[in-house]
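The values are calculated or read from the model by the stated rules, or taken from the named source; none is laboratory data. Since the model is a prediction, treat every value here as computed from it, not as a measurement. Positions of Cβ are backbone-derived with ideal geometry, glycine not excepted, and every protein chain shown enters the neighbour counts. For accessibility, only protein heavy atoms count, side chains too; no ligands or nucleic acids. Shrake-Rupley method; radii C 1.70, N 1.55, O 1.52, S 1.80 Å.
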Amino acid sequence: MKKFTVLLLVPDYLAQTYGQDTFFTCVPATGPKQAIAQDPVRSRRETRRGRPDDFFLLCVIEGEHRNIKDEV
């Protein structure tokens, strides 16, 4: 199994700052389609406050990556 990094855009009705609020995680999976079906990606998209299809998939990257934005 490989690791995949997944980035989702939080829908406008849940976001504090729409277009900037994202959900970023790394999950083990056999492929990219399986990665977006894994927890915590699936559980984030199935939140009671939101509808699963409203979390827009921005990207799936092969490998484990971390966000270093705060180091810039």
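Here are some notes:
- Search result, residues across region 1-18 that are open to solvent by 30 Å² or more (accessible area, probe 1.4 Å) and without any contact (Cβ under 8 Å) to a residue 24 or more places away in the chain: Asp12, Gln16, Thr17, Tyr18
- Restricting region 30-46 to residues that are among the β-branched types (Val, Ile, Thr) and open to solvent by less than 70 Å² (accessible area, probe 1.4 Å), the residue that is modelled with the highest pLDDT: Ile36
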